[in-house]
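Enquirer: My questions all concern the structure below.
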Amino acid sequence: MIDCLSNPNWINPQIDFLLFLQNIRVNHFEIYDKFFLSITVFGEFWLPTLICAITYWCIDFMAGLYLFSSFGLNAIATHFFKMLACVYRPWVLSNEIHPSKLAVPFAKGYSFPSGHSATSASVLGGVAYLLRHKKILCTLLICLVLLIGFSRLWLGVHTPQDVVCGLSIGLVLVFAVNKIIRWAELNTDRYLYLAFITDIIMIAILIYIKYFSTYRMDYISGKLLVDPQKAIYSVVVIYGYIMGLLNGCFLCRRFFPFNPKDLPLKNRILIGAIGGIFIVSVLRIAVGYIILNQTALAVAMPVMLLTGLFITLIYPIIFQHFNKKYIH
């Protein structure tokens, strides 16, 4: 164990399990690292956003609203818990852990809970819930969620507690969000309350983690293990994006509802293709140049907020207007 850290006893069995997987991976199956790394992409921001957006724009508005709500609330919860717990990555907890070199660049900041596991559970688990009457598809989606969780262990970037708690948060929200949406549908004005409540929660969390929370400041060879200010920066930017997504879909449901099934199939395909290109390109640029380079919050926050709003509010208004003017 690293000298500057004292780990509780219940961490040791988890480290032993990771070492067991590590031994299998390094000695026999390291070739599968790329496969498991490709699997974890379902837990990154751009692909879950794309899944939610294609559903929202092109297949079923209410199903998309449900998925975006699950995805957004999950992001709020997991990043709050990360900043609250401040748990280090497995290779910090034990110098015997050697994670896959392919995965380390994408495993920054605190470890608990696993964001990839939680995100995949909230989105793919949400899709599974929507398709629960189609047993085979539902089972395959659940298996994929579990495989994503396992991939984080295989790659050595999370402990079992990180993965289990991440999956639990995502799955709880799958069912909780269904209740919330049912409540809001009784009177669509309630979506304005939801927008207000989620905004207040995010602002309160940001104030807490910035001004009231305390963080561990552990060093190895003079290098700070996790810079709390960088972690806070990431949460602010991510919350800006989630604020845009959630406010956009709640406002769209209240003031600009639409039904993708009313559009011709070729129109839906075009809408999905154009919007999908936007999501993939903008979010990858945002992560690559804004978040990783720690661009000033005065730039990063508005960019991410507007990106979220564009996906769930501005873009639907644009294609609704286009459809009414040129199609009907």
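Enquirer: Can you tell me which of (1) loosely packed, with under 15 Cβ neighbours inside 10 Å; (2) at pLDDT 95 or above; (3) farther than 30 Å from residue 27 by Cα is the one residue 211 doesn't meet?
Expert: Only one criterion is unmet by residue 211, namely (2).
Enquirer: Restrict the check to segment 147-158 and report whether at least one residue is in contact (Cβ under 8 Å) with a residue 12 or more places away in the chain, more than 16 Å from residue 36 (Cβ to Cβ) and over 16 Å from the mean Cα position of the chain (by Cα).
Expert: The answer is no; no qualifying residue exists.
Enquirer: Within segment 211-226, how many residues are outside any loop (DSSP other than H, G, I, E, B) and under 16 Å from residue 93 (Cβ atoms)?
Expert: Total meeting the criteria: 2.
Enquirer: Could you check segment 166-179 and list, in sequence order, the residues that are buried (at least 17 other Cβ atoms within 10 Å of the Cβ) and either under 15 Å from residue 63 (Cα atoms) or more than 17 Å from the chain's Cα centre (by Cα) (or both)?
Expert: Within segment 166-179, 173, 174, 177 meet the criteria.
Enquirer: Give all pairs with beta carbons closer than 6 Å in which a residue from segment 33-56 that is charged (D, E, K, R) meets a residue that is crowded, with 17+ Cβ neighbours inside 10 Å; count only pairs at least 6 apart in sequence or on separate chains.
Expert: Every condition considered, the pairs that remain are 33/100.
Enquirer: Within segment 283-302, which residues are in contact (Cβ under 8 Å) with a residue 24 or more places away in the chain and over 16 Å from the mean Cα position of the chain (by Cα)?
Expert: 290, 294, 297, 300, 301, 302
Enquirer: Still on this structure: Select, from 248, 276, the only residue that is buried (at least 19 other Cβ atoms within 10 Å of the Cβ), in a helix (DSSP H, G or I) and modelled with pLDDT of 90 or more.
Expert: Being buried (at least 19 other Cβ atoms within 10 Å of the Cβ), in a helix (DSSP H, G or I) and modelled with pLDDT of 90 or more holds for just one of 248, 276, which is 248.
Enquirer: Then there is this: If you go through segment 221-241 one residue at a time, do you hit one that is in contact (Cβ under 8 Å) with a residue 12 or more places away in the chain, of a type in the set (A, V, I, L, M, F, W, C), loosely packed, with under 15 Cβ neighbours inside 10 Å and out of contact with any His (no Cβ under 7 Å at 6 or more places or on another chain)?
Expert: Among the residues of segment 221-241, not one is in contact (Cβ under 8 Å) with a residue 12 or more places away in the chain, of a type in the set (A, V, I, L, M, F, W, C), loosely packed, with under 15 Cβ neighbours inside 10 Å and out of contact with any His (no Cβ under 7 Å at 6 or more places or on another chain), which makes the answer no.
Enquirer: Residue check: is residue 160 in contact with a Phe, Trp or Tyr (Cβ under 7 Å, 6 or more places away or on another chain), surrounded by fewer than 21 Cβ atoms within 10 Å (Cβ to Cβ) and at negative phi?
Expert: Yes: the conditions hold for residue 160.
Enquirer: Now for a different question. Taking the options 80, 42, name whichever one is within 18 Å of residue 152 (Cα to Cα), assigned to a helix (DSSP H, G or I) and out of contact with any Gly (no Cβ under 9 Å at 6 or more places or on another chain).
Expert: From the options 80, 42, the qualifying one is 42.
So that you can scan it fast, the table gives a plain yes or no per residue for (1) within 20 Å of residue 120 (Cα to Cα); (2) surrounded by fewer than 24 Cβ atoms within 10 Å (Cβ to Cβ):
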position: 25; (1), (2): no, yes
position: 30; (1), (2): no, yes
position: 44; (1), (2): yes, yes
position: 65; (1), (2): yes, no
position: 74; (1), (2): yes, no
position: 78; (1), (2): yes, no
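Enquirer: To continue, here is another question. Residues of segment 46-61 being surrounded by fewer than 20 Cβ atoms within 10 Å (Cβ to Cβ) and within 14 Å of residue 117 (Cα to Cα), which ones?
Expert: 47
The values are calculated or read from the model by the stated rules, or taken from the named source; none is laboratory data. Just so you know, these numbers come straight off a predicted model, no measurement behind them. Cβ: placed from backbone, ideal geometry, glycine included. Neighbour counts: every protein chain shown.
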